[in-house]
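Trainee: Structure provided below as structure tokens; questions to follow.
Every read-out reported here was derived from the displayed coordinates using simple, explicitly stated rules and does not represent laboratory data. Nothing here was measured: the structure is a model prediction, and the numbers come from that model. Don't worry about glycine lacking a Cβ; one is built from the backbone with ideal geometry, like all the others, and counts go over all protein chains shown.
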Amino acid sequence: MGLFNKKINKNELYPDNYVDIHSHLLPGIDDGAKNLDDSITLIERLYAFGIKQFRTTPHVLGDVWENSTTTIKEKEALVQAELTKRGYHDIKISASAEYMMDNNFSDLLAADDILTIKDKYVLVEMSFFNPPFNLDEILFQIQYKGYIPVLAHPERYGFYHNDFSEYKKLIDAGCLFQLNILSLSTQYGKEVTKIAQKLLKEGMYTFVGSDTHHKRHIKLMETLANQKTKKLLTPLFQNNIKEFSF
Ligand SMILES: [Fe+2]
């Protein structure tokens with residue numbers, strides 16, 4: 001292991017003012033934190049990495065995770081109150097959503113009922129099996145409404161792995177890419193890591209996120225605490241800070 005790959009402490013991986021923009025930290029609302037205690041535990045574990053700013057993004061996914069602006073804001077308030085109660089005055093958390101690009105999302109868009117990560121940025125995802133048949137239309141509608149689509153974890157969409165030009169098309173269609181930091185670990189398999197590295201090398205990512213769902217994810221993040229990852233991700237960390245600070 002060369003100097004470049006040197007291990008660092010886990011609280012040295014993220015810059016001090018890093019803002020995480022993708023996670024599932026609200027209690028009992030999706031496949032992330034199960035209850036309020038779990039929410040706080042996940043936040044505390046991320047805090048141990050030095051992360052103090054969270055723009056958390058529960059799933060809004062058809063009839064699987066039928067979250068609304070109201071349910072999300074209620075849970076956000078619960079977590080904020082609990083953090084204050086426990087004395088975490090230096091933690092900032094706000095909630096928006098990770099929207100599956102399905103019919104429900106199109107309806108929300110038409111009704112102007114969209115929670116942005118911040119400003120005009122909307123976090124969107126697609127199925128891991130296939131892109132929506134009307135993907136171009138949805139991406140157009142998002143931007144027509146004045147939003148900027150931030151595509152979550154493009155490296156995880158296996159149907160694009162053998163045709164890299166599809167990624168270029170998505171960027172040309174106005175998407176900004178958000179890397180899941182755990183795609184650089186063993187979490188999603190070698191193919192995903194390979195594609196993530198290629199997208200990084202080509203400079204195609206704008207933002208990064210932890211996509212934390214549970215403690216195992218955070219534990220795995222420790223394996224990425226090295227100089228190489230830090231250097232590789234520094235431009236993305238800086239973009240997160242620039243666009244999403246509180
Ligand atoms: Fe997610």
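Trainee: When region 141-168 is examined, which residues are found to be away from the ligand (no atom under 16 Å from the Cβ) and hydrophobic (A, V, I, L, M, F, W, C)?
Mentor: Ile142, Ile148, Phe159, Phe164
Trainee: Collect the residues in region 118-141 that are part of a strand (DSSP E or B), of a type outside the set (Phe, Trp, Tyr) and buried (at least 17 other Cβ atoms within 10 Å of the Cβ), keeping them in residue-number order.
Mentor: Of everything in region 118-141, those that are part of a strand (DSSP E or B), of a type outside the set (Phe, Trp, Tyr) and buried (at least 17 other Cβ atoms within 10 Å of the Cβ) turn out to be Val122, Leu123, Val124, Glu125.
Trainee: Right, here's the next one. Just for region 102-117: of the residues that are of a type outside the set (Gly, Ala, Ser) and not in a loop (DSSP other than H, G, I, E, B), which one is surrounded by the fewest Cβ atoms within 10 Å (Cβ to Cβ)?
Mentor: Asp107
Trainee: Can you spot a residue in region 63-72 that is surrounded by fewer than 17 Cβ atoms within 10 Å (Cβ to Cβ), over 17 Å from the mean Cα position of the chain (by Cα) and at positive phi?
Mentor: no
Trainee: Go through (1) under 25 Å from Lys10 (Cβ atoms); (2) away from the ligand (no atom under 16 Å from the Cβ); (3) in contact (Cβ under 8 Å) with a residue 40 or more places away in the chain for Thr223 and report which single condition fails.
Mentor: (3)
Trainee: Another question about this same structure. Please enumerate the residues belonging to region 61-75 that are of a type outside the set (Lys, Arg) and out of contact with any helix residue (DSSP H, G or I) (no Cβ under 7 Å at 6 or more places or on another chain).
Mentor: Leu61, Asp63, Val64, Trp65, Glu66, Asn67, Ser68, Thr69, Thr70, Thr71, Ile72, Glu74
Trainee: Just checking, does region 200-210 include any residue being among the charged types (D, E, K, R), surrounded by fewer than 18 Cβ atoms within 10 Å (Cβ to Cβ), without any contact (Cβ under 8 Å) to a residue 40 or more places away in the chain and more than 14 Å from the ligand (Cβ to nearest atom)?
Mentor: Yes, there is a match, as at least one residue in region 200-210 is among the charged types (D, E, K, R), surrounded by fewer than 18 Cβ atoms within 10 Å (Cβ to Cβ), without any contact (Cβ under 8 Å) to a residue 40 or more places away in the chain and more than 14 Å from the ligand (Cβ to nearest atom).
Trainee: Here is a further query. Give region 20-51 a look and list any residue that's of a type in the set (Gly, Ala, Ser) and more than 14 Å from the ligand (Cβ to nearest atom), or say none.
Mentor: Correct list: Gly28, Ser39, Ala48, Gly50.
Trainee: Check Leu236, Leu179, Leu232 and return the single one that is within 16 Å of the ligand (Cβ to nearest atom), under 25 Å from Leu42 (Cβ atoms) and touching a residue at least 24 places away in the same chain (Cβ under 8 Å).
Mentor: Just one listed residue meets the conditions, Leu179.
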